[in-house]
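See structure below.
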Amino acid sequence: MKAMGKFGKEYFSDVYAGGYEQHVPPKRIHYYLGKVMEAKESGALLDVGCAYGLFLSEARRHFNVIGCDVSEHAVGEAARRLEGVEVINSDVFGIQGSERFDVVTCFDVLEHLGDPKAAMARIRDLLRPDGILALTVPVYDTPAGWLVRLLDRDTTHIQKKSRRFWRDMLRLGGFRLVTDTGLWRYTLPGGHAVFFGSRALRNFSPAIMLIGVKE
């Protein structure tokens, strides 16, 4: 489940050509954080698959944060950038101890996993009552699905599922769906990042953001 060797420095340079920060601009981070805070404004937050810690850097202004990632390279980068923030080289199953969280974020992680259902169950165990799970995933349904596949350069995406699959998984995993938003995320030639989210167009987007409350 950990797949530690897949996500080294070469992965980030190959998949995020031009730089990771270029592909994950501040407006995306701020949008994600805003949606999370609509559901939970403060508390303890675990970011699963935190990469270089860009989301943690903003979230720590409002939450007590901790991150984890299977990439030793990414954890090193996050620790260097986030003085005083605990970042663990582990998948979600390696989070030990009795601490429970008010928020678990899981941005572009579940599509990499062989058993996302087990990961979601583990996340639910780590949440306090009424805690929230916020996730983003690419989706491959609708007429635009062929374009999503064409533009998807990440060979570690093994769960190429529909938005209905992820919505059902969230509900069946013991969460009440409270946010369902479509996402458009592209980096154009020259390094210009295009990002916006839309609830109205959520059934046509190449990616989605779901937030569920633990029941």
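Since every read-out is calculated from the coordinates, none of them should be taken as a lab result. Given the structure is predicted, the values throughout are model-derived calculations rather than measurements. No Cβ is skipped: glycine too gets one built from the backbone with ideal geometry, and neighbour counts run over all protein chains shown.
A few notes on this one:
- GNM result for the chain, Cα springs below 10 Å: residue of Pro129, Pro25, Pro143 fluctuating most strongly: Pro143
- Relative contact order computed over the chain (Cα-Cα under 8 Å; 6+ residues apart), in percent: 20 percent
- Residue with peak Gaussian network fluctuation, the chain [Cα springs, cutoff 10 Å], from Trp166, Trp146, Trp184: Trp146
- Here the stretch 137-187 and the stretch 38-78 have alpha carbon centers that stand 22 Å from each other.
- Dipole-positive endmost among Leu54, Leu210, Ile132 within the chain (Cβ charges, Cα centre): Leu210
- Near the amide H of Asp141, within less than 5 Å, lie the amide hydrogens of Arg163, all on another chain or at least 5 residues away, with H placed in the peptide plane.
- Multiplying the residue separation of Arg128 and His62 by 0.36 nm and removing their Cα-Cα distance gives an extension gain of 22.0 nm.
- Cβ-based exposure ranking for Thr142, Thr155, Thr181, in which fewest neighbours within 10 Å come first: Thr155, Thr142, Thr181
- Neighbour-count order for Ile29, Ile132, fewest beta carbons within 10 angstrom listed first: Ile29, Ile132
- Sum of -39500 (n - 2.57) over DSSP H runs of 4+, divided by residues of the chain (222 nm, nearest 500): -9000 deg cm²/dmol
- Bridges between two residues of the chain, per DSSP, are antiparallel at a rate of about 50%.
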